[in-house]
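Visitor: Can you read through this structure? Questions will come right after.
None of the figures in this text is laboratory data; all of them are computed from the coordinates on show. Values in this document were obtained by computation on a predicted structure and should not be read as measured data. Reconstructed Cβ throughout: ideal geometry from the backbone, glycine too, with neighbour counts over all protein chains shown.
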């Protein structure tokens with residue numbers, strides 16, 4: 001069965017420190033993976049997708065099919081990165097979201 | 001402004017009283033879907049629609065109905081709401097299969113069933 005796991009419910013880091021939000025998935029097909037973010041009082045929005053291999057707001061995520069992971073990383077966290085982050089898997093018709101990680105960047 | 005609009009944003013109702021949460025998008029998107037967000041469970045897909053007149057069950061469809069008579073609208077219907085349907089609901093749309101993955105979300109509808 002398809003599943004997305006985000007093991008950390010809460011994550012706190014100091015400003016300027018590296019941050020890594022973990023995501024593991026379970027899917028027998030070819031995965032399409034995404035990170036969505038929800039800032040305070042804003043709508044959920046796409047942060048990045050693995051297929052475009054881009055860096056958005058300093059964040060990157062690499063798909064590791066061997067480890068079935070899609071961890072989100074940023075070398076230097078900023079206060080404005082504080083938000084709720086969701087990893088998501090798309091199977092061609094259905095979306096599966098993880099339970100989310102709430103990131104707090106401490107000034 | 002291009003967006004997904006949900007109504008109502010907040011609703012308190014009683015068990016068994018039918019209700020509809022509307023969702024409308026003005027971006028000519030083909031794909032639309034509904035999610036519920038619960039503490040500790042993240043977002044779970046209720047129903048989705050790949051195009052007009054095509055709807056399918058997501059992970060948690062029990063107790064819900066949807067329809068897609070027009071491209072822009074995708075209402076969520078609770079025929080006989082129960083307290084376990086108290087949740088925060090999100091509607092989202094996506095352009096088409098080639099760009100699917102970028103979901104555009106509504107602001108959410110917080111439903112309380114007493």
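Visitor: Using square roots of five times the C-alpha gyration tensor eigenvalues, list the equivalent-ellipsoid semi-axes of the stretch B:22-72 in whole Å, biggest first. Don't skip to the answer; put the middle values down first.
Guide: Working: eigenvalues 87, 30, 14 Å².
Over the Cα atoms of the stretch B:22-72, the semi-axes work out to 21, 12, 8 Å.
Visitor: Also: Figure the gain on full extension for residue B:15 and residue B:57 (residue separation times 0.36 nm, minus the Cα-Cα span) and round it to one decimal in nm.
Guide: Details: separation 42, 0.36 × 42 = 15.12 nm, distance 2.31 nm.
Result for the pair: 12.8 nm of gain on full extension.
Visitor: 7 Å from Cα along Cα→Cβ at both residue A:91 and residue B:79: what's the point-to-point distance in nm?
Guide: 2.5 nm
Visitor: Just subtract the alpha-carbon distance of residue B:69 and residue B:38 from 0.36 nm times their residue separation and send over the number in nm, one decimal.
Guide: Numbers: separation 31, 0.36 × 31 = 11.16 nm, distance 2.86 nm.
Using 0.36 nm per residue and subtracting the Cα-Cα distance, I get 8.3 nm.
Visitor: Grab the eigenvalues of the alpha-carbon gyration tensor for chain A, scale each by 5, take roots, and send me the semi-axes largest first in whole angstrom.
Guide: On the way: eigenvalues 105, 37, 31 Å².
For chain A, the ellipsoid semi-axes come out as 23, 14, 12 Å.
Visitor: Using a simple spin-label model with points 7 Å from Cα along the Cα→Cβ vector, what separation in nm is obtained for residue A:55 and residue A:20?
Guide: Spacing of the two 7 Å Cα→Cβ label points: 1.7 nm.
Visitor: So what's the projected area for chain B, the Cα convex hull averaged over all directions, in nm²? Provide the component values of the computation, followed by the final result.
Guide: Details: hull surface 26.5 nm².
Its Cα hull, projected and averaged over all orientations, spans 6.6 nm².
Visitor: Between rounded, prolate and oblate, where does the stretch A:34-88 land on the alpha carbon gyration tensor, with a ≥ b ≥ c its root eigenvalues, rounded for a/c under 1.5, else prolate if a/b exceeds b/c? Don't jump to the answer; show the numbers that get you there.
Guide: Values: a/c = 2.04, a/b = 1.56, b/c = 1.31.
Taking the square roots of the gyration eigenvalues as a ≥ b ≥ c, the stretch A:34-88 is prolate.
Visitor: Taking only the alpha-carbon atoms of the protein assembly as shown, what semi-axes of the equivalent ellipsoid follow from 5 times the gyration tensor eigenvalues under a square root, in whole Å, largest first? If you can, show how the numbers build up before the last one.
Guide: Numbers: eigenvalues 175, 77, 52 Å².
For the protein assembly as shown, the ellipsoid semi-axes come out as 30, 20, 16 Å.
Visitor: Right, another one. For the peptides A:87-94, A:62-69, what is the packing order when you average, over each peptide's residues, the other Cβ atoms within 10 Å and list the highest mean first?
Guide: Details: A:87-94: 18.6, A:62-69: 12.1.
Listed from highest to lowest mean packing, they are A:87-94, A:62-69.
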